[in-house]
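The values are calculated or read from the model by the stated rules, or taken from the named source; none is laboratory data. Just so it is clear, the structure is predicted and the values come from calculations on it, not from any experiment. Glycine also receives a Cβ, built like all others from the backbone with ideal geometry; neighbour counts cover every protein chain displayed. Accessible surface areas use protein heavy atoms only, side chains included; no ligands, DNA or RNA. Shrake-Rupley method; radii C 1.70, N 1.55, O 1.52, S 1.80 Å.
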Amino acid sequence: MSEIRGEIDDPFVVAEIENPIVEVDKLSLYYGDTQALYDVDLAIPEREVTAFIGPSGCGKSTLLRSLNRLNDLVESARIEGNVRVSGADIYAPDYDVIDLRRRVGMVFQKSNPFPKSIYENVAYGLRIAGENRSSVLDESVEKSLRAAALWDEVKDRLKDNALGLSGGQQQRLCIARTLAVEPEVVLMDEPCSALDPIATVRIEETISELKNDYTIVIVTHNLQQAARISDYTAFFYLGRLVEFNQTQQMFTQPHLKQTEDYVTGRFG
Amino acid sequence: MTLRFWRGGDPFIWLTGSALAFCLLMISGLVGIILYNGVGVFWPSALEQLYLRDGQVVLGKVVDRQVIPDQPEAYRIQLKVGNRDAYGLDFRWVDEADIERIEQPAPVVVFERLEWGDAYGYLEEITQNDQVLAADGQDVWKALQPLLEASATRWEVIRSIEHEEMGELNRAMEDLRLEKRRLEMDGAKPEAMAELEDRDRALWERYERVSERLNAVRAENEQATVSIRLADGRERSVRVADIVRTYQPNALGVWGKIGIYCEKGWEFVAGQPRESNTEGGIFPALFGTVMMVMLMSLAAVPFGILAALYLREYAKQGLFVRLVRIAVNNLAGVPSIVFGMFGLGFFVYGVGGSIDRLFYPEALPTPTYGTGGILWASLTLALLTVPVVIVATEEALAAVPRELREGALGLGSTKFQMIWNVVLPSALPGILTGVILATARGAGEVAPLMITGVVKLAPDLPLDAYWPFFHLERKFMHLGFHIYDVGFQSPNVEAARPMVYTTALLLLLIVLALNLTAIVVRNKLRRRYASTAF
């Protein structure tokens with residue numbers, strides 16, 4: 001246990017990601033005087049599921065939120081290094097943040113449907129982008145709800161208030177809402193942490209189906225979940241990336257002692 | 001044991017419970033007193049004729065009964081005897097020990113008059129143009145009814161001549177005077193002046209004709225009189241035209257009494273005040289109050305919400321914003337009369353005075369906007385309520401969960417789209433609560449109005465059928481001020497007391513109605529935006 005407390009001088013990062021869609025390059029992030037991320041280097045493969053694991057406060061959510069610049073909302077936050085999505089530096093001064101957030105969607109820990117109808121929730125992203133043709137909206141709503149495995153449950157009550165859905169349905173609605181704007185990457189910040197086991201299984205099934213079309217990055221506290229659904233896993237500790245590898249390797253033959261301690265449940 | 005008693009919190013439960021009970025008691029006491037005194041005012045209760053041991057006869061309505069000071073077992077009753085013109089006073093105390101017997105004579109009649117308050121007595125005879133039409137109780141009663149109707153029609157004619165024809169002439173003359181003045185100020189051309197003089201003469205001629213007609217109708221009003229015998233045997237005569245309403249309370253059945261009650265209640269709500277506001281209706285005050293509250297909300301609500309939006313959503317949260325917030329909170333606690341002083345100095349004299357100098361120089365020295373008016377009063381009250389709106393809106397905005405904001409931004413909303421589509425709808429119930437509180441506070445405020453435009457009597461409403469319809473420079477009446485004025489400033493406080501209670505009751509009802517509407521709206525919204533159930 002004691003050996004993990006020190007600096008991690010030499011993280012093990014698997015180098016050969018052939019088709020990276022997101023590249024994080026020497027990223028450090030500060031909240032005021034507190035440093036939350038230290039020199040993170042990471043490449044996220046396209047159309048795969050990548051899981052971020054690590055104990056609370058290790059910076060995995062912070063990293064996730066900096067991938068679509070939601071950390072901009074925190075006034076004291078400031079970064080060094082850069083992040084490229086499809087090759088473009090998203091922290092460049094002239095980069096269009098609104099467009100970035102359409103391309104890199106986000107599903108949050110606590111489901112947050114808008115106080116509108118189910119239909120309007122899913123159509124919201126298109127509407128604010130200026131799409132008002134009802135044929136396009138109808139099609140997109142159905143497609144997104146099907147992709148999020150919610151269509152059969154809500155197709156007869158699309159005009160009902162979204163807040164009347166159960167917790168798991170609300171979370172899948174939020175996934176559908178994110179998919180409706182056809183992002184390239186979907187970020188998920190502990191999407192199942194507030195759900196019961198059955199709802200969790202539904203969401204996991206949904207994620208497995210989505211990876212054929214989308215790149216998914218998921219933060220999770222649930223190691224079994226990471227092992228079940230992800231292709232790659234990144235382990236963070238105290239703001240540093242410790243190890244990044246294929247999930248199977250990570251959970252069976254971790255390269256570093258710290259990783260092994262964590263995934264086998266010896267600390268965390 | 002005692003330790004467990006204290007720790008268990010039982011005393012605390014009792015403390016909180018009794019605090020609530022005490023509050024409820026105070027409030028229900030307030031409402032109860034107003035209801036008790038206000039509801040029965042229009043009920044035509046029986047007139048009692050008291051025969052006293054010393055031979056006096058007193059006729060009147062019992063209004064109060066109390067122990068005689070220093071004589072614990074003896075009571076005295078207060079009677080409203082009316083006939084102020086004959087007795088000098090409306091009320092009289094009679095010791096119960098002095099009463100020999102009490103009757104409720106059926107033929108006794110109540111006259112509500114335009115002047116001198118009520119008259120109670122027996123019908124003697126009725127005369128028109130010095131001819132006696134009837135000279136016996138019930139015959140007089142029957143002969144009186146058509147005359148009353150005729151006089152009501154005549155009053156209608158007089159009112160329409162005064163308000164419409166004369167009013168129009170007055171306005172035309174005033175416009176002409178101002179036009180002349182303007183010409184003089186610009187250096188008058190004689191021919192233009194002469195033309196105006198001609199128009200002036202024409203107006204005066206029309207005025208003469210209208211006054212003649214008016215005087216003719218007025219003369220007809222003088223023709224009929226009814227003479228009555230008071231309880232003590234004296235005779236008095238009453239002009240039929242002065243009678244507002246007459247009834248025989250002791251002869252009326254329950255339905256008749258209910259009819260009179262409703263009629264008087266309606267007159268109270270919809271009629272004009274009489275007798276320096278102590279009788280008649282309060283419609284101008286009612287109208288003024290409602291219109292002022294609306295103007296105030298129109299000014300305060302949008303500004304308050306917009307200011308709060310900037311403060312909460314756009315401004316960089318730091319020392320300066322904190323200071324602004326503290327200042328706003330303090331403003332919400334500043335005594336209202338201070339706002340009144342500011343309104344008088346800034347709106348009335350400053351803004352109003354400048355408007356007068358720029359746009360109405362010909363009317364000076366008579367001020368147009370440079371004097372109290374409904375616009376300035378509403379703006380002053382808006383200033384008073386804006387802090388409440390800001391504070392409440394800010395709190396409602398702060399209560400919108402961060403996840404909801406991030407969800408909207410995460411889908412590619414701009415900040416404006418997030419605020420407009422997600423934050424505002426979610427915060428709306430809370431914002432409405434603040435608006436209700438603010439409006440209720442504004443509706444009940446009197447002190448700042450007294451120096452910015454409320455008057456005792458303003459028969460011309462600030463909204464009428466004449467261009468430009470809204471006369472925001474006009475002074476207006478207000479229920480709160482009406483209560484103060486009638487209750488404490490009127491020459492006959494005792495007679496005005498029922499009016500005070502009924503007006504207070506009406507003010508309570510209005511505030512209740514405003515709040516209920518707003519609460520219903522808010523609950524509808526709240527159901528629509530009910531928070532997520534987890």
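Scan around B:Leu463 for amide H atoms under 5 Å from its own, H built in the peptide plane at 1.01 Å from N, and keep only partners 5 or more places away or cross-chain.
Amide H neighbours of B:Leu463: B:His471.
Using 0.36 nm per residue, how much length does the chain from B:Val62 to B:Met294 gain when fully extended, once their Cα-Cα distance is taken away?
Stretched fully, the B:Val62-B:Met294 segment lengthens by 79.4 nm.
Using mean Cβ contacts within 10 Å as the protection proxy, how do B:505-511, A:190-196, B:425-431 order, highest first?
B:425-431, A:190-196, B:505-511
Mind giving me the FRET efficiency for A:Asn19 and A:Arg146? R0 is 30 Å, r the Cβ-Cβ distance, nearest 0.05 is fine.
0.70
Which value, in debye to the nearest 20, gives the size of the charge dipole of the protein assembly as shown about its Cα centre, when Lys and Arg are +1 and Asp and Glu are -1 at the Cβ?
Computed about the Cα centre, the dipole is about 1180 debye.
Quick one: Kirkwood hydrodynamic radius for the protein assembly as shown, alpha-carbon pairs, angstrom, one decimal?
34.4
Tabulate in residue order the Karplus-calculated ³J(HN,Hα) for the range A:30-38, using 6.51 cos²θ - 1.76 cosθ + 1.60 with θ = phi - 60°, rounded to whole Hz; enter x for Gly and Pro.
In residue order, the calculated couplings are 10, 9, x, 8, 8, 8, 9, 10, 10 Hz.
For every helix of n ≥ 4 consecutive DSSP H residues, a contribution of -39,500 (n - 2.57) applies; sum these over the protein assembly as shown, divide by its total residues, and give [θ] at 222 nm rounded to the nearest 500 deg cm²/dmol.
-15500 deg cm²/dmol
Please give the per residue accessible area of the range B:184-281, computed with a probe of 1.4 Å over protein heavy atoms only, in Å².
Result: 56 Å² per residue.
Need one number: convex hull volume per residue for the range B:1-58, Cα atoms only, in Å³.
Given the Cα convex hull of the range B:1-58, per-residue volume reads 150 Å³.
Based on a Kirkwood Rh over C-alpha pairs, give the Stokes-Einstein translational diffusion coefficient of the range B:130-222 at 10 °C and viscosity 1.306 mPa s in µm²/s.
96
Average the reciprocal distances over every distinct pair of alpha-carbons in the range B:285-533, invert the result, and give the Kirkwood radius in Å.
20.1
Pick out, in residue order, every one of the trypsin sites (Lys or Arg not before Pro) in the range B:489-530 that is DSSP loop and has at most 16 other C-beta atoms within 10 Å; say none if there are none.
none
As I understand it, the dipole of chain A uses +1 on the Cβ of Lys and Arg and -1 on the Cβ of Asp and Glu, about the Cα centre. Which of A:Ile17, A:Phe235, A:Thr62 lies farthest toward its positive end?
Projecting each Cα onto the dipole axis, the largest value belongs to A:Thr62.
Work out the length of the dipole vector of chain B about its Cα centre, built from +1 on the beta-carbon of each Lys and Arg and -1 on the beta-carbon of each Asp and Glu, and round it to the nearest 20 debye.
3260
Considering only protein heavy atoms and a 1.4 Å probe, what is the carbon-and-sulfur percentage of the accessible area of the protein assembly as shown?
Percent of accessible area from carbon and sulfur atoms in the protein assembly as shown: 58.
Evaluate peptide A:106-115: per residue, the Cβ atoms of other protein chains within 10 Å of its Cβ; return the mean as an integer.
6
Check which residues have an amide H placed less than 5 Å from A:Ser117's amide H, if you skip close sequence neighbours.
Answer set, sorted by chain and number: A:Ala162.
What's the FRET efficiency of B:Ala447 with B:Val520 using the Cβ-Cβ distance as r and R₀ = 35 Å, to the nearest 0.05?
That pair, B:Ala447 with B:Val520, gives E of 0.70.
Would you calculate the separation in nanometres between label points at B:Asp10 and A:Gln248, each defined as 7 Å from the Cα along the Cα-to-beta-carbon direction?
About 7.0 nm, to one decimal.
If I take R0 = 41 Å and measure r between the Cβ atoms of B:Glu73 and B:Leu20 in this structure, what FRET efficiency does the formula 1/(1 + (r/R0)^6) give, to the nearest 0.05?
Efficiency, from the Cβ-Cβ distance: 0.50.
Using +1 on the beta carbon of Lys and Arg, -1 on that of Asp and Glu, and nothing else charged, what's the dipole of the range B:130-222 about the Cα centre, debye to 20?
180
Between chains A and B, what is the buried accessible area summed over both chains (1.4 Å probe, protein heavy atoms, nearest 100 Å²)?
2400
Go through B:Val446, B:Gln417, B:Ala458 and say which Cα lies farthest out towards the positive end of the charge dipole of the range B:285-533; charges sit on Cβ, +1 for Lys and Arg, -1 for Asp and Glu.
Value: B:Gln417.
Send over the Kirkwood Rh of the range B:1-121, from the inverse of the averaged 1/r over different Cα pairs, rounded to one decimal Å.
Here the Kirkwood hydrodynamic radius works out to 18.5 Å.
When you count, for each residue, the other Cβ atoms within 10 Å and take the mean per peptide, how do B:135-142, B:235-242 rank with the highest first?
Top of the packing list down: B:235-242, B:135-142.
Ratio of alpha-carbon Rg to the 2.2 N^0.38 Å globular estimate for chain A, to two decimals, please.
After normalising by residue count via 2.2 N^0.38 Å, the value is 1.01.
Give the Debye-formula value of log10 I(q)/I(0) at each listed q (0.19, 0.25, 0.30 Å⁻¹), with one equal scatterer per alpha carbon of the range B:292-348, two decimals each.
-0.89, -1.11, -1.15
Once you've got the Cα coordinates, tell me which of A:Lys26/A:Lys60; A:Lys26/A:Lys257; B:Lys61/B:Lys257; A:Lys110/B:Lys415; A:Lys143/B:Lys415; B:Lys80/B:Lys264 are over 25 Å apart.
Over 25 Å Cα-Cα: A:Lys143/B:Lys415.
What translational D, rounded to a whole number of µm²/s, comes out for chain B from Stokes-Einstein when the hydrodynamic radius is the Kirkwood one over Cα pairs, at 37 °C and 0.692 mPa s?
115
Along the Cα→Cβ direction, 7 angstrom out, place labels at B:Ala219 and B:Ile326. What is the inter-label distance in nm?
If labels sit at B:Ala219 and B:Ile326, their model points lie 7.8 nm apart.
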